[in-house]
Amino acid sequence: MGAAPASRDVTSYGMGLAAPLALFFLLFFVAPLLQLLWLSLHNDTAGLHWGLGQYLHFLTDPFSLGVLGSTLLLGAEVTAVCLLLGFPIAWLYQRVGPKLQTIIILIVLLPLLTSVVVRTFAWIVILGRQGIVNATLQSLGIIDTPLKLLYTQFGVVIALAQVQMPLMTLPLITALGRIDPNLDDASCSLGAGSWRTFFRIVLPLSLPGVIAGCTLTYAAAITAFITQSLIGGGQMLFMPMYLYQQASTLQNWPFAAAISIIFLLAVLAVVSVFTTLGRLSRGYGGA
Amino acid sequence: MAEAQGGRSLVVDAVTHRYPSGALAVENINLDIKGGEIIALLGPSGCGKTTLLRIIAGFIAQTQGRIIIGDDIVDALPPNKRAVGIVFQNYALFPHLSISENVAYGLAARGVDKTSRQREAQRLLELVQLPTMAERLPRRLSGGQQQRVALARALAIKPSILLLDEPFAALDKNLRLDMQIEVKRLQRVSGITTLIVTHDQEEALSMADRVAVLSHGKLEQFGSPSDVYDRPQTLFVNTFVGSTNRMPGVVVSADRTAAKVRLDAGAEIIARPAAGSLTEGARVTVCIRPEHLQFVGDASGFAGVVGMSLPLGATVVHEVTTADGSGVKVSQARIGETRALASGAAVRLAPLAPSLANAFPATL
Ligand SMILES: Nc1ncnc2c1ncn2[C@@H]1O[C@H](COP(=O)(O)OP(=O)(O)OP(=O)(O)O)[C@@H](O)[C@H]1O
Ligand SMILES: [Mg+2]
């Protein structure tokens with residue numbers, strides 16, 4: 001092998017090429033983050049007294065902990081809905097002709113082609129007291145008084161699920177597409193029914209896609225400021241809005257910074273659980 | 001439900017299949033296969049071999065006709081109820097399951113308990129000579145080893161019919177020979193009725209009890225390897241199986257067993273009418289294999305000029321241009337005194353025996 005004595009490992013590139021990006025990150029990501037951390041370690045709004053008071057306040061305040069809990073729960077619910085609805089769509093995509101595939105992809109991508117604000121207002125129209133859902137149910141005589149859909153956890157979950165659906169469906173479509181269709185047939189010819197084939201073959205082999213989709217959906221759902229606040233209204237408070245109120249309205253910058261750091265750590269914890277699961281399932285994938 | 005050992009018979013009864021796209025992949029195929037036989041489905045790419053195999057396995061519902069396994073018409077049964085084992089061309093091992101889990105998969109689906117499952121998987125891995133690989137993942141195995149695992153996995157469910165789709169296509173020549181012997185040995189031991197899809201004629205002739213030759217979705221001939229090779233029923237079979245010289249000519253006189261043909265190359269020879277009798281005066285194509293032509297010293301046979309001589313190991317192949325300008329190949333066993341023929345030498349050629357030339361009605 002060693003033809004030239006000075007031969008270089010071809011996998012090592014000059015790090016200089018990454019310098020512009022590194023600089024960009026340093027300037028606009030790491031620096032503000034450090035500033036945030038610095039700010040959060042002060043007990044007073046003026047930023048004169050060092051201490052862990054903000055963190056203590058958050059972690060002992062039932063209200064704050066409640067907001068954190070309901071935000072993390074919201075993410076879990078949206079992720080679950082997206083997974084339950086997205087998996088059949090992705091599964092279907094792999095089993096229909098090219099014409100239907102184009103239509104499915106279009107439907108899946110449609111949410112990405114319209115602005116979040118527009119989509120969210122559309123949901124307000126749909127879920128409102130005189131909205132499409134209530135009007136239809138009333139005219140069918142199923143309900144007498146309009147259901148309260150807007151400004152509820154249910155409404156937020158539904159709207160967010162629709163908004164984040166592509167983030168779940170696209171990785172799933174990719175993962176399912178990488179499974180050799182002969183494996184289905186092999187399983188079937190060995191005497192397995194469709195459910196056994198699904199749980200023993202299709203699901204384990206699509207796990208990398210499931211984990212990628214869940215990570216993306218979760219991270220996007222809990223930080224979706226606009227949809228959360230517009231559909232949730234005043235009654236539902238989630239971390240992004242809480243943060244905004246503390247920073248903008250109450251000008252309590254150190255507390256807002258502490259909220260950010262805690263939120264960041266909570267999200268990182270959840271995401272790293274997903275990636276750990278992903279690494280464990282890496283054994284599958286390939287092939 | 002699945003019979004333990006010894007294969008069941010398989011009847012393909014007037015099966016036709018048209019894909020939704022309109023492609024007629026298989027047309028009126030009839031095969032009557034006895035229990036325990038090895039059958040080769042031989043044909044060029046795209047002739048419908050895989051389609052027929054998938055119909056038998058139950059993955060495709062044929063447009064017309066019936067599949068009968070043993071005494072049962074299985075058309076209404078889904079693949080998982082047919083007890084048909086199938087080995088896919090790319091093996092289709094489950095990449096996330098270990099070798100022994102792969103082999104035991106079908107047993108698990110049948111509700112066999114874990115310890116018996118593992119014992120059976122181990123027994124099968126010993127049968128295919130891979131007893132030490134049980135815990136590995138498929139991708140840690142070589143192509144030939146994966147092939148054996150796929151075979152063991154298909155055998156685990158004790159199928160009444162075993163289907164193999166181009167099982168050796170991806171293996172190199174030596175390994176292919178090993179695996180062909182291996183499969184034949186396993187088939188002998190288990191007696192499972194086996195259908196091997198292949199486009200390799202040597203494989204078909206060496207492995208199978210009977211060979212079904214397909215072309216464009218139609219069955220050209222179904223017979224023993226020597227039937228197919230020595231007594232081809234159609235021009236396609238004669239040219240596809242083995243190599244042959246095609247020589248045009250006109251029928252001088254004919255009865256049911258022999259026809260006298262005047263070759264355009266300039267000789268009258270006796271040929272076997274391959275499909276029924278030929279009419280006098282009709283144009284025919286006579287097929288003579290290179291190894292069935294000989295150089296003659298007298299004035300019999302037809303004249304030609306030697307072009308090139310290729311020594312191919314045990315045989316020497318001479319290219320000869322005949323009087324009508326067409327080329328024929330002559331292959332000679334390489335015996336000590338075989339003299340190299342000079343390029344440009346004038347020679348005369350004749351078939352070794354009349355039964356070795358086949359005459360087919362000429363197609364335009
Ligand atoms: N899913 C399909 N839809 C439409 N046409 C198909 C489909 N599968 C195969 N065909 C067509 O049917 C014919 C037979 O295909 P088949 O796969 O059975 O051939 P084959 O003999 O197995 O060829 P090969 O040796 O290349 O594997 C071909 O003309 C092919 O184009
Ligand atoms: Mg094929």
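The values are calculated or read from the model by the stated rules, or taken from the named source; none is laboratory data. Owing to the predicted nature of the structure, the values given are computational and were not obtained by experimental measurement. Methodologically, a virtual Cβ is constructed for each residue, glycine included, from the backbone with ideal geometry; neighbour enumeration extends over all protein chains shown.
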Subject >> Index of the failed condition, B:R140 passing every other in (1) surrounded by fewer than 18 Cβ atoms within 10 Å (Cβ to Cβ); (2) away from chain A (no Cβ under 13 Å) >> reply: (2)
Original post:
Has segment B:291-308 got at least one residue that is in the same structural domain as B:P354 (by TED's automatic domain parsing), of a type in the set (S, T, Y) and modelled with pLDDT of 90 or more?
Top reply: no
**OP:** Those residues that are within 16 Å of ligand 1 (Cβ to nearest atom) and within 13 Å of another protein chain (Cβ to nearest Cβ), I need them from segment B:143-168; list them, please.
**Re:** B:L163, B:L164, B:D165, B:E166
**OP:** Name every residue in segment B:85-99 that is among the small types (G, A, S) and more than 8 Å from every other protein chain (Cβ to nearest Cβ), in order of residue number.
**Re:** B:S98
Original post:
Just a yes or no: is a residue in segment A:135-157 closer than 28 Å to A:T174 by Cα and in contact with an Asp or Glu (Cβ under 7 Å, 6 or more places away or on another chain)?
Top reply: yes
**OP:** Mind checking which strands (runs of 3 or more DSSP E) fall wholly inside segment B:1-102 and carry at least 1 residues that are at positive phi and away from ligand 2 (no atom under 16 Å from the Cβ)?
**Re:** B:10-18, B:24-33, B:64-69
Subject >> Residues satisfying the stated conditions in segment A:126-184, i.e. within 14 Å of chain B (Cβ to nearest Cβ) and part of a helix (DSSP H, G or I) >> reply: A:A175, A:P181, A:N182, A:L183, A:D184
Original post:
Restricting attention to segment B:25-40, does a residue exist that is within 16 Å of ligand 1 (Cβ to nearest atom) and surrounded by fewer than 16 Cβ atoms within 10 Å (Cβ to Cβ)?
Top reply: yes
Subject >> Boolean, B:A271 is of a type in the set (A, V, I, L, M, F, W, C), in a strand (DSSP E or B) and within 31 Å of the chain's Cα centre (by Cα) >> reply: yes
Original post:
Among the residues of segment B:48-72, how many are free of Cβ contacts under 8 Å to residues at least 24 places away in the same chain and away from ligand 1 (no atom under 16 Å from the Cβ)?
Top reply: 2
Original post:
Here are some conditions: (1) among the small types (G, A, S); (2) away from ligand 2 (no atom under 16 Å from the Cβ); (3) within 22 Å of the chain's Cα centre (by Cα). B:S215 meets all but one. Which one does it not meet?
Top reply: (2)
Original post:
If B:Q122 passes every condition in (1) in contact with a Pro (Cβ under 9 Å, 6 or more places away or on another chain); (2) part of a loop (DSSP other than H, G, I, E, B); (3) away from chain A (no Cβ under 14 Å) but one, which one does it miss?
Top reply: (2)
**OP:** Take B:N102 and decide whether it is at the interface with chain A (Cβ under 8 Å from one of its Cβ atoms), in contact (Cβ under 8 Å) with a residue 24 or more places away in the chain and either out of contact with any helix residue (DSSP H, G or I) (no Cβ under 9 Å at 6 or more places or on another chain) or polar (S, T, N, Q) (or both).
**Re:** no
Original post:
In segment B:305-361, which residues are without any contact (Cβ under 8 Å) to a residue 40 or more places away in the chain, loosely packed, with under 13 Cβ neighbours inside 10 Å and assigned to a loop (DSSP other than H, G, I, E, B)?
Top reply: B:G313, B:A314, B:G325, B:R334, B:I335, B:G336, B:E337, B:R339, B:A340, B:A342, B:S343, B:G344
Original post:
How do the pairs read when you match residues in segment B:4-22 that are modelled with pLDDT of 95 or more and of a type outside the set (A, V, I, L, M) with residues anywhere that are surrounded by 21 or more Cβ atoms within 10 Å (Cβ to Cβ) and part of a loop (DSSP other than H, G, I, E, B), using Cβ under 8 Å and keeping only pairs 6 or more apart or on different chains?
Top reply: B:T16/B:Q62; B:H17/B:G48; B:H17/B:Q62
Original post:
Quick one: is A:A192 within 30 Å of B:P138 (Cα to Cα) and outside any helix (DSSP H, G or I)?
Top reply: yes
Subject >> The lone exception for B:A108 - which of (1) more than 13 Å from chain A (Cβ to nearest Cβ); (2) assigned to a helix (DSSP H, G or I); (3) among the aliphatic types (A, V, I, L, M) it fails >> reply: (1)
**OP:** Within segment A:215-239, count every residue that is of a type outside the set (G, A, S), assigned to a helix (DSSP H, G or I), out of contact with any Cys (no Cβ under 8 Å at 6 or more places or on another chain) and surrounded by 18 or more Cβ atoms within 10 Å (Cβ to Cβ).
**Re:** 9
**OP:** Would you point out which residue out of B:S300, B:S355 is of a type in the set (S, T, N, Q) and farther than 24 Å from B:G242 by Cα?
**Re:** B:S300
Original post:
Does A:I107 satisfy the condition of being free of Cβ contacts under 8 Å to residues at least 60 places away in the same chain, over 21 Å from the mean Cα position of the chain (by Cα) and not in a loop (DSSP other than H, G, I, E, B)?
Top reply: no
